[in-house]
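What follows is calculated from the coordinates using simple rules that are stated; it is not laboratory data. A quick note: this is a predicted structure, and the numbers were derived from the prediction, not measured. We place every Cβ from the backbone using ideal geometry, glycine too, and count neighbours over all the protein chains shown.
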Amino acid sequence: MDFKQLESEADKIIGRYEEKRAAMLPLLWLVQEKFGYIPPEGEQWVGERIGVSIAHVREVVSFYTLYHTKPIGKHHIQVCTTLPCLLKGAKRVLAQLEERLGIGAGQTTPDGKVTLSTVECLCACEAAPATQINERYVGPLTPETLNQVLDHVLKTPETHDWLVDSARAELVEARANVRPSTGSGRTEFQPYVSTEGPVLSKRFRSAEGAWFDAYAADGGYQAAKQALTSTPAQVIETVLKSNLRGLGGAGFPTGKKWGFIPKDNPKPKFLVVNADEGEPGTFKDRYILERDPHALIEGMIIAAYAIGSHKAYIYIRGEYVRPAQRFAKAMEEARGKGWIGKNIQGSGFDLEIVIHRGAGAYICGEETALLTSLEGGKGFPKLKPPFPAISGLFKCPTIVNNVETLACVPPIIRNGPEWFAKLGTAKQGGTRLFSLCGHVVRPGLYEAPVAVTLKDLIFDSRYAGGVRAGKKLKAVIPGGISAKILTAEEINVAMDFDSLMAAGTMAGSAGVIVMDETTCIVQALWSASHFFKDESCGQCSPCREGTGWVFKIMDRILKGQGRPHDLDALLSVAGNMEGKTICVFADAAAWPVQSYIQKFRSEFEHHIATGRCELAVRGELVEPRTDRHPSTNSG
Amino acid sequence: MPRKRELTFWEQIYIPEIIRGVWLTSAHFFRNLFLHTVHRFGLFKDLPAAVTFQYPEQPRPLEPRFRSRHRLTVREEGTPRCVGCMLCETVCPAKCITIVAGEHPDPNVEKYPVRFDIDLGVCVYCGYCVEACPEDAIRMDTDILDIAAYSRDAMKLDIHELMDPKLRKPVAECQLKFPHQCAIHGNQIEGSWESVYGSHPRESEDRDSRFRGNDKVVE
Amino acid sequence: MPTLTIDGKQITVDPGTTVIQAAESMGIFVPRYCYHPGLSIAGNCRICLVEIEKAPKLQIACNTPVADGMVVRTNGQKVEQGRQSVLEFLLINHPLDCPVCDQSGECDLQNFYMQYGLYDPRFKEQKVKKTKAVPLGPTVMLDAERCILCSRCVRFTDEITKTGELGIFNRGDQSEIGLYPGKELNNKYSGNVVDVCPVGALTDRDFRFKARVWYLSSSPSVCNGCSQGCNIDIHYVTDRPHLAGGARVMRVKPRYNAEVNQWWICDEGRYGYHFIDQGRLRKVTHRGVETTWEKALMELAGALGRVKEENRQGQIGVIPSAQLTTEELFLIRKLFVDSLGISQCDARVPEKPGTSDDFLIKADKNPNTAGAVSAGLAGSSFDTPAVRPEPFGKLRAGFVEGRRPATQDERCTAAQIIDRCLAGQINVLWVFGHDLVKLFGEQTVKKLSQELELFVFQGSNENGSSRYAHWVLPSAVYAEKDGAFTNCHGLAQKFTKAFEPLKDSRADSQILTELFERLAAVGPEQAVHPSTGPAPDLIGGSG
């Protein structure tokens, strides 16, 4: 096997990082892209190039789901089976695929053409049930479209941009009806996306709005120019006044976080952008990366300046291939116009940005796990103390910010912090991109003020337009799968961090998963616990063992073998996981268990007592029916 | 204080007293004499006479929890259930158990006794070994009471007699196939796993299926 | 210097100390799996959770630096409940292997369960299955199901040996410890991963199934494998001769010594104990015929006395060994050299230096070369094959002070003694322990056996010399005697005997003492009474 051709590219890659070891993931991608998988010689080569023993290379390869040590089929169909897709019929999609291809999940067809896998959340929930076919996201998969996709996949050598190709698809206003099919025999899915702003979604309208000229014409990079002429302290003050809070999920005041960077530390400072969006139910960062990457770049420049950093890394999840490509293109444009590199616009401020792709691990969305992964290891969260602002990436002061948070920064600087603060509540300013998915009429991405109520988001015609097919609402998860569930009676709550915390749940990443009366909550919890069991990094004992235990009990209950003490055991195990781990993954895994059982206990008790689903008994479907997209309108 | 009273005439003669004294014994004696005699002629067979158990033709019934001679329980393929954990050797108050452990080819079993001796002359029949055993590998339920021998050495049971309670010393032939240490082979280790499993279990493809749930005790 | 309160007691410690270290210095034991003082902090086992006032959640003691005024509780309801939950989590997928697991009896899962657990288990699902009984190399056996993923072994191979063989693959509860497929764990310190593993996941292949841990007695000693002098504990069984083929020593474990070997020993030392029970000389023999100590000592004393009377000291050659204790070497010096006047007495044999590295392994495979030098039996300079090593940690460099002057014939090495034997100038040869066949060739030794008037071999194990010597005096090994070794850095370390010498061997000091008592009875008055003991200038001693 010849690795010589990879040498020069490898040199370039290694040269981008302060420590050789950090080139681990990119070099593994390089090998996999060349050979289709990572052979032992590849692992050896990578280990030698970055000075790491081959056992540690194998550790990394085995930890992330996107790396393969054996060749796979030419077309890799990865079916998402996490809760939002499960609610819209992912199981049916999988069954249909298995039948047509004649193989089970995890297998390859004998002719080597297709490999079928199940994966956890792709964050394409607005197009549920979604799959990833090689590099493309494809969805929603109705029975008809699935057959068309398969025909296409099996007959042509290239996969097509199909359905959810949110960058190339033409964008429509949220309230408008979807365009009818173009008559080419293919249905084109148009997601519902806000396009009116006032903060973030203004350029989501047009695919061409993503690029530099359109962005600059719209007032882009003015804020950066303004920031570079003021002092970093002033920038931090401005952001503080705007009440901008971390929109990745934790809700920590952004200006305060930037202030934690020690001023007198001689080590280099790093800005790391967390584009490892993985929270089921959330897909907002993907839209920013694809439709408004320059907003993010501008936000990065301002943030880096504020904290005194001259090197920024953006960690994009491995599944987001096209978003990463579009962001890279935007970066090239910005560099060409003098906004990235040395002496930006003559201000004397240098900033280098490096794109670092993940390889399939939800836990890398946790900021210290992200740093460990960036440094070339498995996604293991770090022990705190020390905190990243003091000792983070390569043990240097580091600030990790979410994509959406940084995209808010240019408007704040341009329009003033008061404008931003007034849009929201006293403690949280601005708007948010709410990802609505599940059993709603119009799943999509909606920008709304942070204090919008959950009821409005679900029912208002400006937003998701109500529960689908005239069904009754049963339950809602307001902030991604880790958030505690709310019943249909509890949706009169504002969606800002503090209101939701007071209501006993959390705003998190603003991924709203809506469940109607056909949903079996026991199955929903099974799906949530399956997700946490799959994604636990395994570093510390309560989470590693606890998530597996919770799933095994749920599996047994769902199969009809539940026992009366199981509910108490589940609550006890979940309670034991909380507060004892290195990161809050275990807490996040515990909250669904505690809240679903607390609020829907009778459903669980029925499952355990009878061994069957309550909904099946009442004649309702256990599996959500196939959702026919209104655009097809085929009666 | 009651004064010692005078004996009556009949008491002084002694003979009636003697007869009174042995009345119960005599009653049984004559009854049994009669019954045993008529038993010889085949009459009154259903009336039992003396309570004596005519051992060894008629063994005395024992309680289920009676601790008799030990035996090692056996797996389906003829190897002992014992995993050589030495808990019985440790707990034995008389220190009469001698175990040497060896490697079992099935990784789910891992350990087995290459040598397992119990010196019956030292054993106090306390039953602690049965209680301590985590694998139900040793039991004292053979109901064998006749352990007497002509020498101390002959009372030292090794793994042959323990696995097969019907064997008595001296054991002429070594029937055990798995690698073990026994006096018949001059205290050398003899035997092979291939002869037990047909092929070396670790190299066989379906070893996992063979060793999953394969734990029925041979009574 | 922060002051904190732990369990109601105050202590002042250096800044940067962690809570677990501060507690340990007060004698308060906080349970731990992943924490090891010789390795970096991992903080993943979570069993060391303690309660810290003002912190809402329990904190791990191993990674929390002490702060002034901190109040810590290592007991109490909250901490106990926390520990029990963590123990429960660790045990749910742990296999029920205690009967077959070698770690039983020294297993931290067992110990902490008995001390802090004692709960009713509730896990009623199928446990995760992983590979069992996998040899990782010639020295270590892995059982992946038993592993609690504390990562101590991974950190050891990364930080101490820097070989990086071990890794934790996959994620979640499918995480599994292992090697890269096709690789082996065969660095020179591989046995240490068995010591650091708190459970029975990594076990010693050499010790496998030999004996149960609770049968073992322990005796502190010093390794005799090389001149580093690592501190060890000898684990032995004397009352169960059916185990390990009658051997007494079952295994050797390192003993912590901050200056010499910290927590580690090399594999050569760890597995180099078999000679204590195998291949031992058990009988006093004269030309292959068994005889008694009495007869041997009388005859040899007589022979030596005669030589002295006839003033033939120049015809005697003595080759002591740097494997002997310092006391024995001084005894040899006092008796052979000083009182009998033998000048050809030297321990410098033409041994090929062994392998060495920059950690613990030294090229000089004798534990007491420095002792021989200090007794004046190895030249006056440190010219043995051992390379002058860098001090390890805070070791003292330099040597034992007050060396005795070398023998008069300073340049007379053992090789020269043998030459003179072959040339007929020496016809009485007394060899301690060396295998002359290995050093000088079989033909030479055969010739010596035929031509020498008296050829005595005093050693513990069978070797080329014992096959050809006229007289074989079985002596005890280091584990069977009290004494001291001085290592290559000049540190003298005393050790005590673990058990009595094998019948019918005797400690060298006893043999020499009795020999010269008879000499004194037989021969001239110059014989010094042996009870004047060894040199008074041994410095210090450890353990």
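Figures for the structure shown
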| quantity | calculated |
| --- | --- |
| For segment A:202-423, convex hull of alpha carbons as volume per residue, Å³ | 115 Å³ |
| Sequence-separation-based contact order of chain C, relative, with Cα cut under 8 Å and 6+ spacing, percent | 12 percent |
| Using a Förster distance of 22 Å, the FRET efficiency for B:VAL38-B:GLN58 (Cβ separation, nearest 0.05) | 0.65 |
| Computed [θ] at 222 nm, helices only, for chain C once each DSSP H run of length n ≥ 4 contributes -39500 (n - 2.57) | -5500 deg cm²/dmol |
| Where labels lie 7 Å past Cα in the beta-carbon direction, separation of B:TRP23 and B:ARG3 in nm | 2.9 nm |
| Rg to Rh quotient for segment A:521-617, alpha carbon positions, Kirkwood Rh | 0.97 |
| Net charge contributed by nearby residues that have their C-beta within less than 11 Å of A:GLY429 (K/R +1, D/E -1) | +3 |
| Segment A:422-560, dipole about Cα centre (Lys/Arg Cβ +1, Asp/Glu Cβ -1), debye to the nearest 20 | 180 debye |
| Entries of A:LYS4/A:LYS113; A:LYS70/A:LYS113; C:LYS188/C:LYS362; A:LYS284/A:LYS471 with Cα pairs more than 19 Å apart | A:LYS4/A:LYS113; A:LYS284/A:LYS471 |
| Positive-end residue of C:PRO138, C:TYR236, C:PRO198, charge dipole of segment C:123-255 with Cβ unit charges | C:TYR236 |
| Two-site label geometry, C:LYS9 and A:GLU517: point separation in nm, points 7 Å out along Cα→Cβ | 6.7 nm |
| Qualifying trypsin sites (Lys or Arg not before Pro) in segment A:326-387, DSSP loop, other Cβ atoms within 10 Å at most 12 | A:LYS342 |
| Degrees between helix B:23-40 axis and first principal axis of chain B (Cα, 0 to 90, nearest 10) | 60 degrees |
| Residues listed by number, segment A:368-390, amide nitrogen under 15 Å from C:ILE41 label point at 7 Å toward C-beta | A:382-388, A:390 |
| Partner chain coverage, peptide A:48-56 - average Cβ within 10 angstrom | 5 |
| Check: segment B:8-57 dipole with +1 on Lys, Arg Cβ and -1 on Asp, Glu Cβ, in debye | 160 debye |
| Shielding of C:102-110 by partner chains, average beta-carbon count, 10 Å | 1 |
| Surrounding net charge for C:TRP264, when Lys and Arg each add one and Asp and Glu each subtract one, Cβ distance under 10 Å | 0 |
| Two-decimal ratio, segment A:75-155, of alpha-carbon radius of gyration to 2.2 N^0.38 Å | 0.96 |
| For C:GLU442, net neighbour charge (Lys/Arg +1, Asp/Glu -1) across residues whose Cβ lies under 12 Å away | +3 |
| Extension gain (nm, one decimal) between A:LYS337 and A:TRP419, 0.36 nm per residue minus Cα-Cα | 26.6 nm |
| Inter-label distance, nm, simple model (7 Å from Cα along the C-beta direction), B:ILE147/A:LYS455 | 8.3 nm |
| Pairs of Lys in chain B closer than 20 Å at Cα, counting only those 8 or more apart or on different chains | 8 |
| Calculated P(r) tail over 22 Å for segment C:3-92, as whole % of Cα pairs | 21 percent |
| Extended-chain gain in nm, criterion 0.36 nm per residue less alpha-carbon gap, C:ARG282 and C:LEU118 | 54.0 nm |
| MRE, 222 nm, helices only [DSSP H, n ≥ 4, -39500 (n - 2.57), over chain B, to nearest 500] | -6000 deg cm²/dmol |
| Listed residues C:LEU90, C:VAL13, C:ALA55: farthest to the positive end of the dipole of segment C:3-92 (Cβ charges) | C:LEU90 |
| Viscosity 1.306 mPa s, 10 °C: Kirkwood-radius Stokes-Einstein D of the protein assembly as shown over Cα pairs, µm²/s | 42 µm²/s |
| Total charge dipole magnitude, chain C, about the Cα centre, Cβ charges on Lys, Arg, Asp, Glu only, Debye to nearest 20 | 900 debye |
| Signed unit charges on C-beta, dipole axis of the protein assembly as shown, positive-most listed residue C:ASN224, A:GLY579, C:ALA378 | A:GLY579 |
| P(r) of segment C:266-306 over all Cα-Cα pairs, binned every 5 Å from zero, in whole percent | 5, 18, 15, 15, 13, 9, 10, 10, 4, 1 |
| Gain on full stretching of the segment that runs from A:LYS155 to A:ALA569 - 0.36 nm per residue minus C-alpha separation | 144.0 nm |
| Average other protein chain Cβ within 10 Å of Cβ, residues C:84-97 | 5 |
